[in-house]
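Bear in mind these aren't lab numbers, they're just calculated from the coordinates by the rules spelled out. A quick note: this is a predicted structure, and the numbers were derived from the prediction, not measured. Ideal geometry is used to build each Cβ from the backbone, glycine not excepted, and the neighbour counts take in all protein chains shown.
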Amino acid sequence: MEMKGYQAGISDFTGSDSIVFGISTDELDENKRFAEELELDFALLSDAGGEVARQYGGMMERFPTAANRVTYVVGKDGRIAYIGEGAEAMDPAGAKDACLGLE
């Protein structure tokens, strides 16, 4: 669901000097199939070991999967400028606004 929203609004990010990509704890082959199925115009990266999800505090402790859908906007300075979780993460509007507000 989230990926479809970002794909539908990908042109909204064009003027923001932003790079959009998704990260999933699914295996590479599964992500490739999913990206092809949704005809994504942005990269869908595999974090099968959960290293990135752990670093951002998004892994479930009992299961080897991300705990929740989360959208981050990270500025060129490496600082997190926006975090959207759950339903908010699935709507690209907040991320778009944050990207447009970055210098």
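Placing pseudo-labels 7 Å out from each Cα toward the beta carbon at GLU37 and ASP91 gives an inter-label distance of 2.6 nm.
Note on GLU27 and ILE83: the model spin-label points, each 7 Å out from Cα along the C-beta direction, lie 3.2 nm apart. Here are a few candidate values for Kirkwood radius over Cα pairs in Å: [x] 14.2; [y] 13.8; [z] 16.5. Which one was actually calculated from the structure I just gave you? Calculated Kirkwood radius over Cα pairs in Å: the matching label is [x]. Between the Cα long axis of helix 28-38 and the first principal axis of the chain there is an angle of about 50°, rounded to the nearest 10. Summing charges over neighbours of SER46, with a neighbour being any other residue whose Cβ is under 9 Å away from its Cβ, gives -4 when K and R count +1 and D and E count -1.
Its Cα centre serving as origin, the chain has a Cβ charge dipole (Lys and Arg +1, Asp and Glu -1) of approximately 220 debye. Between the amide H of ARG69 and those of GLY86, distances stay under 5 Å, these residues lying 5 or more places away or on another chain, with hydrogens modeled in the peptide plane. Projecting the Cα positions of ILE80, SER16, LEU40 onto the charge dipole of the chain (unit charges on Cβ atoms of Lys, Arg, Asp and Glu, taken about the Cα centre) puts ILE80 furthest along the positive direction.
Can you compute the helix-only [θ] at 222 nm over the chain? Use -39500 (n - 2.57) per DSSP H run of at least 4 residues, normalise by all residues, nearest 500 deg cm²/dmol.
Details: 5 runs with 36 residues, N = 103.
Taking each H run of at least 4 residues, the total per residue is -9000 deg cm²/dmol.
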